[in-house]
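Structure record follows, encoded as structure tokens.
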Amino acid sequence: MTDEITAQSEAARFAWPVTLALATVGGSLAAACMMPFVALAIVTAATMHRSLALATILAIWATNQVLGFTVLGYPHTGYAFAWGGALGIASVLAMLAGAAVMGERDELSSFRTLSAFLIGFFVYEAALFGLALVVGGTETFAMPIVGQIFANDALWFAGLSGGYWLLTRTVPTLFGPAPRIRFA
């Protein structure tokens, strides 16, 4: 009986990260250059303990990079590898910024979560712009392009947040109890 409970709790601990990993594979294949790293970073920060959120966002980034450089044909150049590394660093920074804004995860404030998303997006884009200043590519930070990336991340954020809400309510034994959400 104890082994069964331990196995169930281990499965519950990794059900949501695995779900996000599957979303990453689908997202990478569907929109390789529009991977919603900010949405994933903030959702992990909102729904996981920090160490698991960090491991999950790094695994999501690595999965995206492996698929990109093997299946999707990213060029094998120093420039492409530098941008790939920058995406990982920017994603971790966005997750950490979001986590700092949200505070404890047992009760989420809709205002703090939305603020975390906005700040996470700013931190992510600022980190990438910093690399662009060094290696080139600042033209990709034109407002229409950044706006499209923001809209993509916002839609993914809403979808992943809604999916988490639904999973915690329909399968709480696997995805854990739903956090309390305040609208303040």
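The values are calculated or read from the model by the stated rules, or taken from the named source; none is laboratory data. All values derive from a computational prediction rather than experimental measurement. Counting neighbours? That spans all protein chains shown, and the Cβs are built from the backbone with ideal geometry, glycine included. Quick note on the areas: whole protein, heavy atoms, side chains included, nothing else; ligands and nucleic acids left out. Shrake-Rupley method; radii C 1.70, N 1.55, O 1.52, S 1.80 Å.
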### Message
I'd like the FRET efficiency for residue 148 and residue 115, computed as 1/(1 + (r/R0)^6) with the beta carbon distance as r and R0 of 30 Å, rounded to 0.05.
### Response
0.85
#### Entry: Shape call, segment 49-147: gyration tensor on alpha carbons, a/c limit 1.5
oblate
### Task
Take residue 52, project a point 7 Å from its Cα along the Cβ direction, then tell me which residues of segment 148-172 have their backbone nitrogen under 19 Å from it.
160-172
### Query
For the residue pair residue 69 and residue 15, what label-to-label distance in nm results when each label sits 7 Å from Cα along the Cα-to-beta-carbon direction?
3.5
### Message
Just to confirm, what accessible area per residue do you get for segment 12-94 at 1.4 Å probe, in whole Å²?
### Response
41
### Summary
Taking placed amide H atoms and a strict 5 Å upper bound, the residues 5 or more places from residue 48 or on another chain that come that close are none
#### Entry: Relative packing of peptides 49-61, 77-89 - highest average C-beta neighbours within 10 Å first
49-61, 77-89
